[in-house]
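Reading through the structure tokens given below for one structure.
Where a number appears in this text, it was derived from the coordinates with a stated rule and is not lab data. Quick caveat: nothing in here was measured; it's all calculated off a predicted structure. Ideal geometry is used to build each Cβ from the backbone, glycine not excepted, and the neighbour counts take in all protein chains shown.
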Amino acid sequence: MSGKRSFPPAYTQDDAQKASEHLRQIIPLINKHKTPVNPVNYAVWYEYVSGDNEQLKRTLDLQLQNKLPITTELIQTLYEKYVLFDMPDRLELANKGLSKIVNDTLSHINQVETTATACASDLTGTQDSLSNYADIKELKAIISSILVNTETLTTTSQNLKAELEKSSSEIQLLKSELEAVKEISRIDGLTGLLNRRSFDQELERVCQQQSHNTGIVMFDLDHFKDLNDSLGHLVGDKVLQFFSGLLLKYAGDKHIAARFGGEEMVMIVLEQSMVDTIDLANKIRIELSESRLKHKKDNTDIDPVTVSIGISFLLAGDTANSFLNRADQALYLAKSNGRNQVKVN
């Protein structure tokens, strides 16, 4: 991509030969750093090899020079920051600005209505008082003229109010649309769970509040790479979607379920005891292992899918990292001890 950068990113100036050359450079990079071949990873490496995205290239070069790992999480961060230009955060700022405009406009409408009503009432009273003075014809003529003009002003004010109310309705509709866009930017497209960025924000909020009876439950589907390799990524995606549906069901409106990365999911469990949290995790584990998933093409059974689970509970003084690391350690213990089990750290 060259020339002025845009959102969404446009590659219309890249001809077939140039795009093919980029492809030949990208595939070895993806293989070398073991990043999945998906649209996000491809877009980041495409921007890198094209040389047009200078900030992204500098960041990746620094990572490579220091021999630091190129993780899926890093690629996702680079994609959001340098390809999407932090669009989720920018949409949130726009939404806040629009909300202020809406609230200010509605406040002004109410003020105009109140003032106009008060003026009309005062002038009507003045007219009644003046009607007792029949001998001051000239003054009455002046006042009558004022009243005519005031009536015109009142009508104009009412029309203006109607137009403002119409505009207000349109702004409210636009606000709803922006809220919907904001919500979409928080959701992982494949699973319907919160994405990693939104999860990180929720986790920071929870840790700052230091709420009691708060747990993190980390899930990692067992042998998922083997499933992908043997049955294909489309089947793998269906398994991820099925499991995500289970998490959404058990999370309900109370808990927070998110896709952590790849086949790893996570749930922030709020206002629930340790015993109840472990019980919740085991219910999810058992329901998944007992589910009989089928190939959509020929309706044959897929081998049972299981999940390993690690749990930690929020301690006084925990940061998001310390809280999450304990759950990750518990998950590692569950997998190293034979998988399809729950461990607590």
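The Kirkwood hydrodynamic radius of region 16-85, based on inverse pair distances between different Cα atoms, is 12.1 Å.
Report note on the peptides 206-219, 275-288, 20-33: ranked by the mean count of other C-beta atoms within 10 Å, highest first, their order is 206-219, 275-288, 20-33. Once Rg and the Kirkwood radius are both taken over the C-alpha atoms of region 181-297, their ratio Rg/Rh works out to 0.99.
Taking the charge dipole of region 210-308 about its Cα centre, with +1 at Lys and Arg Cβ atoms and -1 at Asp and Glu Cβ atoms, the residue from L248, V269, I286 reaching farthest to the positive side is L248.
Protection proxy ranking for 232-241, 45-54, using the average of other Cβ atoms within 10 Å per residue and placing the highest first: 45-54, 232-241. The per residue volume of the convex hull around the alpha-carbon atoms of region 252-326 is 119 Å³. Taking all Cα-Cα distances within region 168-225, those exceeding 17 Å account for 61%.
Using the beta-carbon distance between E183 and L147 and R0 = 41 Å, what value does 1/(1 + (r/R0)^6) give for FRET efficiency, to the nearest 0.05? Rounded to the nearest 0.05, the efficiency is 0.20.
Available extension along the chain between L68 and E271 is 69.2 nm, counting 0.36 nm per residue and deducting the alpha carbon span. For region 196-344, DSSP calls about 85 percent of its internal beta bridges antiparallel. Counted residue by residue at 0.36 nm each, then reduced by the alpha carbon distance between them, the extension gain from S176 to V49 reaches 41.8 nm.
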